[in-house]
């Protein structure tokens, strides 16, 4: 049986080809890359960290909504199935990171691991680039924050717990929807939502500060799952949560639209209409300071419910994502009388 390799038109190319390939030829292609630098500097006001670290390019998790897909065309690859199957390993990243952290001007600022692709995608089981980078961070006492969907993060629980004790570390597990069927449609190569809640529980039990990432919040698909996800995360030991509205930059819109139409055909039109309502009539917002949040009464209702549920279950939130490992999670505000009814 043939399997179609589909990529949105490459904005850098003059021609675009669709091709059918046998299943055996549609597998992973992994290449190794020498890292020129380890740390990338972020200047976005939407994010509360300055430095990011990305061990891989592309991601096996194949999430239809992944905002990082438009980075692949810069490699001469597609943002669709190429992003999921043509992967790059930065094999010497730990050594480059060690050199950068040893510089006299480095002042131990927090490092966010996973600004672009998941550091605990299945590729990490073989290459261990993320683990070796964590060992470097431990050696230099550099605090880290990780956002992941990968259950493989529990392999490094002991290392992360030690880093949390000596420098600062926390792990946010991303679970956009709780319904297993919908999750599989959007995230075909990711562990189930319940398995990810189990990751939160295991890391918390091992002494790693954890949180829930409702990222991205997908209108209509995430709405009914706010309450069970926040309650489940709190029961698993999470101490904080954040919410980011779905972003569809560049080629991501067409990848996401096709995924919805193929896997959840009855939902596609309603999901995109709800997103447009939260984005002031558009499907994408690129402006710094506005791209992570929505606007209007519909998004405000979601945000209000999210904060109320977090207060009910003792999860800290903030105006910005609570990702700075050097600072403790802020205490969750206590609910006012009558607010939970």
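Some notes on this structure:
- Under the condition of being surrounded by fewer than 18 Cβ atoms within 10 Å (Cβ to Cβ) and assigned to a loop (DSSP other than H, G, I, E, B), the residues counted in the range 89-110 number 10.
- Subset of the range 111-122 (residues that are buried (at least 21 other Cβ atoms within 10 Å of the Cβ) and touching a strand residue (DSSP E or B) at 6+ places or on another chain (Cβ under 6 Å)): 111, 112, 113, 114, 117, 118, 119, 120
- Top-ranked residue in the range 262-271 [being assigned to a loop (DSSP other than H, G, I, E, B) and under 25 Å from residue 296 (Cβ atoms); ranked as farthest from the chain's Cα centre (by Cα)]: 266
- Those residues of the range 202-214 which are out of contact with any helix residue (DSSP H, G or I) (no Cβ under 8 Å at 6 or more places or on another chain), buried (at least 18 other Cβ atoms within 10 Å of the Cβ) and more than 19 Å from residue 243 (Cβ to Cβ), in sequence order: 204
- Of everything in the range 279-326 that is more than 20 Å from the chain's Cα centre (by Cα) and assigned to a loop (DSSP other than H, G, I, E, B), the residue that is modelled with the lowest pLDDT is 326.
- Considering residues of the range 75-88 that are touching a residue at least 24 places away in the same chain (Cβ under 8 Å) and assigned to a helix (DSSP H, G or I) only, the residue surrounded by the most Cβ atoms within 10 Å (Cβ to Cβ): 83
- Candidates in the range 236-248 are the residues that are in contact (Cβ under 8 Å) with a residue 60 or more places away in the chain and more than 15 Å from the chain's Cα centre (by Cα); of these, the one that is nearest to residue 194 (Cα to Cα) is 238.
- Flag if residue 220 is in contact with a helix residue (DSSP H, G or I) (Cβ under 9 Å, 6 or more places away or on another chain) and either on the phi > 0 side of the Ramachandran plot or without any contact (Cβ under 8 Å) to a residue 12 or more places away in the chain (or both): yes
- Residue among 81, 145 that alone is under 19 Å from the mean Cα position of the chain (by Cα) and within 17 Å of residue 171 (Cα to Cα): 145
- In the range 39-55, the residues that are modelled with pLDDT under 95 and assigned to a loop (DSSP other than H, G, I, E, B): 42, 43, 44, 45, 46, 47, 48, 49, 50
- Within the range 56-71, the presence of a residue that is part of a loop (DSSP other than H, G, I, E, B) and surrounded by fewer than 18 Cβ atoms within 10 Å (Cβ to Cβ) is excluded.
- Meets criteria (more than 19 Å from the chain's Cα centre (by Cα), modelled with pLDDT of 95 or more and part of a helix (DSSP H, G or I)) for residue 152: no
The values are calculated or read from the model by the stated rules, or taken from the named source; none is laboratory data. What you are looking at is a predicted structure, and each value in this text was computed from that prediction instead of being measured. Reconstructed Cβ throughout: ideal geometry from the backbone, glycine too, with neighbour counts over all protein chains shown.
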